[in-house]
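Where a number appears in this text, it was derived from the coordinates with a stated rule and is not lab data. What you are looking at is a predicted structure, and each value in this text was computed from that prediction instead of being measured. No Cβ is skipped: glycine too gets one built from the backbone with ideal geometry, and neighbour counts run over all protein chains shown.
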Amino acid sequence: MSMDNRKRPTASSNSGNSVYWSSSFPRQPARVLIVEALPPWWSETCTVLCDALENFLSLACSLDGPCRIPLLSLYVISRQQECLLPFVQVRGNLARLRSCVEELRTIPGEGCIRGAARGGELLRQAVLDSLQQFKQYIRHISTDKQASNNISVEVTVVTSQPGRGIVRQLETGLKDADLVSLKRLLVVQIYSAADWGQENHSPEATHTEAEDSLMLGTEVDLQRVENSTFAMEMVLKAWLQEQGGDREHLHLLLPSPLDNPIPICVKCDMQERLISPALIPLNPNLGVKTESVRDFLPVTKGSANQSQPPRKLKAIKTLRADGVCESVLYGLPLVIRPTTCWQLDWDEMETNHNLFHALCNTLRSRDLFLLLQVEPAQRSTAGGSGVYSHYVLQPSPSLCLLLKPVVSKELLLPCALPVTTQEPAPDAMHTMQGCLTQLDEECVFNPLSLSSNLYQHLRSRGLLSQPRYPYRLQPAAAHRDQSQPLEGLKGTASRQPRQPQNQGRQLGMNSKVRATVAPLPSSSYHSSSSSLGPPPAKASRPALMLLSSSSSSSSGSRRALATAPQLEDNDDSIVIQ
């Protein structure tokens, strides 16, 4: 594998075991699909291939996220070579791609069979023509010559003829061709049960069933698949996976068994097991969100205060616990426990509690899981039946159950899980046993022993994104020139300086404070307060004051009002002193 010059974190002696990974999903290659529609095999494989292609394109055109199939082209070989679809973008182009699949269905499956040499020549011309069209397309759309040289194409040939013969024809016909832009050439042979048995007993078929994908040359691979829609979907869904290989994805660091501070590094690649439902638009009911109970409950139309109806999960199967692979489960689990809803009476709640207890005990004692199905809340507007979601219910030692979403076949990706019968190398086995011995062993995992430094990180981000003192607000009155007296009340009140704000704060701290509005001047008020001048020509707006609870007498109120400044007529704000 080629190594780049990017710096990687260096592991210290106390690093323990950790994981580093590089960026995923580099530029994906363009795709060319060449279909051999030759009689009499085409009459048996036409429906299977077209159904699989239509299902796959419906999914590929609707996926969000990084671009997994940038370009696609389709060729067909029947009585002649024909390009049904030049290079087009896949995302958002479902209508055109479906029309191309319908045109592929119309090719007749009966007729005369051309000679093998003629069929091999047509196949060779289709491969070379696709490579030439790819070069012209890239040259037309790309302005960066260096970037265009890094773009490659993969060609997939689908045939029902014996695969080894097709591989030899391609290797012979393409040995002198310019294959610089060709990243891979894959021959997919569709076989039936009878054809598989005959080919296995033929003299030239010496491979075993485990060798489904063989490297038969420097440029050509062979893969045999069953004549079924799901098998062909898996071949096409391999296009959705990352086709990198230029760099390893993950470095697993283990402590060295010796005193060497450099850890043992195991280099790995990662592979997606399923398509995340979150990448599908319109948020279908596939268990996309399991972060909270509100995400799980169905969405109801109407008032926001209206209570949501309970979600109904129908048990359809029991599963052996050791027969469920963790790779087909996704999302965050939810804990299920007997309800304590106050609207139930005591007898119903007790009966429900006993049933829940019996379910937990039965599943745990028999080592079983429950497979549940959730019917769609509403039917599809396009005439379909809606989207179903499925969950697995797992028992626990406590009086609780664990609910996890499980993937359906539409979102599964091909994943080869080889099982080896050979023992590992003795020196590697000794090294790995020494590495694991250096780690502490816990009988029961306790998540409280793990810390992610999340709180410190959030606090540091919050301090950087907010102003230094957001709570220190300058009052509106601070912008006035305090050297000029306020208009309004005259006499002694106008000559008294305003109280500093600190004194007002001390007043609020030492005694209870209440807000009041000064009444309008009256005749009795002027008779008792002769020191105040005559009333102003026009009525001023009342001033909002803060009076101490201890000044409850009328004389004290008059004194407080006498010392209170009036607001300006052109000032719409109310200042609390």
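Quick one: net charge around residue 75, please, counting Lys, Arg +1 and Asp, Glu -1 for every other residue with C-beta under 15 Å from its C-beta. The partial results should precede the final answer.
Numbers: positive: 31, 79, 124; negative: 36, 82, 103, 121, 129, 154.
So the surrounding residues net to -3.
Using 25 Å as the Cα-Cα cut-off, could you pick out the over-long pairs in 135/183; 183/237; 175/237; 267/404; 135/267? If you can, show how the numbers build up before the last one.
Working: 135/183 13 Å; 183/237 18 Å; 175/237 29 Å; 267/404 31 Å; 135/267 35 Å.
Pairs exceeding the cut-off: 175/237; 267/404; 135/267.
Just subtract the alpha-carbon distance of residue 270 and residue 441 from 0.36 nm times their residue separation and send over the number in nm, one decimal.
Details: separation 171, 0.36 × 171 = 61.56 nm, distance 2.63 nm.
The span from residue 270 to residue 441 would gain 58.9 nm if fully extended.
Rounded to whole numbers, the Karplus 3J(HN,Hα) couplings from phi for segment 313-325 are 10, 9, 6, 10, 7, 10, 10, 5, 4, 7, x, 9, 7 Hz, using 6.51 cos²θ - 1.76 cosθ + 1.60 with θ = phi - 60°, and x at Gly and Pro. Here each label is just a point 7 Å from Cα along the line to Cβ, and for residue 318 and residue 230 those points are 2.4 nm apart. Phi angles of segment 175-189 translate, via the Karplus equation with coefficients 6.51, -1.76, 1.60 and θ = phi - 60°, into HN-Hα couplings of 5, 9, 8, 7, 10, 5, 7, 7, 7, 7, 10, 10, 9, 10, 9 Hz per residue; Gly and Pro are given as x.
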